[in-house]
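Read the figures in this text as sums done on the coordinates, not as results from a lab. Just so it is clear, the model here is predicted, and its values are computed rather than measured. Note: ideal-geometry Cβ built from the backbone for every residue, glycine included; neighbour counts use all protein chains shown.
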Amino acid sequence: PYTGKAGLFTLSAVRNASLYEWDNLIPKAFWRGNDFWFLGVGYKDRKPASAFYLHRVLKEPSLRHRVGLMRAYLNPPGGGERKIGPRTAAVFQSLLDPDLVDAAFFDWGKYTSAEERAKDGELMGADVLERADEEYTARYKYLLDVGGGGGTT
């Protein structure tokens, strides 16, 4: 396993560096991070955390309706402005197309502690319970940086 200091991943610190050669990497986009809002109060493009949207999707009566609502949040009808932030968008895209994106919320600081939010995240498969360390993260070809509030990969 990786033995370097957190955040300082180097190939010389892993047992099998060939795992990290370009042709051996997982051909997906990868992201893990907290479910924070995107940008703070006062920013025109501010977006809320996912709690409302996860709950709203889960209230749909069928999987077909849930998929349709996630797609509508990602691509608003008529080309309107997205209501969801980029973190929620990455997670919804991952749920809709897991062969393209591996994105999930990871609550590294216990910021997503509301009981209903935690339950919804678990039911949807939007949350993971274990941190993706540097060695795991480095196995992907594409890493998403979805900033705006902290707590991202």
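Miscellaneous remarks
- Dipole-positive endmost among GLY40, GLY78, PHE92 within region 17-143 (Cβ charges, Cα centre): GLY78
- Acute angle (nearest 10 degrees) that the helix 86-96 long axis makes with the longest principal axis of the chain, alpha-carbon atoms: 90 degrees
- Helix-derived mean residue ellipticity, 222 nm - over the chain, DSSP H n ≥ 4, -39500 (n - 2.57), to 500: -8500 deg cm²/dmol
- Stretching VAL128 away from TYR20 to a fully extended chain increases their span by 36.6 nm, per 0.36 nm per residue minus the current alpha-carbon distance.
- A cut-off of 5 Å between modelled amide H atoms, ignoring neighbours fewer than 5 places along the same chain, links TYR142 with LYS28, PHE30.
- Sparsely packed loop sites in region 57-148 (the GluC sites (Glu not before Pro) outside DSSP H, G, I, E and B with at most 16 other Cβ atoms within 10 Å) comprise GLU81, GLU130.
- Over 18 Å between alpha carbons, listed pairs LYS83/LYS119; LYS28/LYS141; LYS47/LYS119; LYS47/LYS83: LYS83/LYS119; LYS47/LYS119
- Within the chain, all pairs of alpha-carbon atoms sorted by distance into 10 Å bins from zero give the percentages 11, 36, 33, 15, 5, 0.
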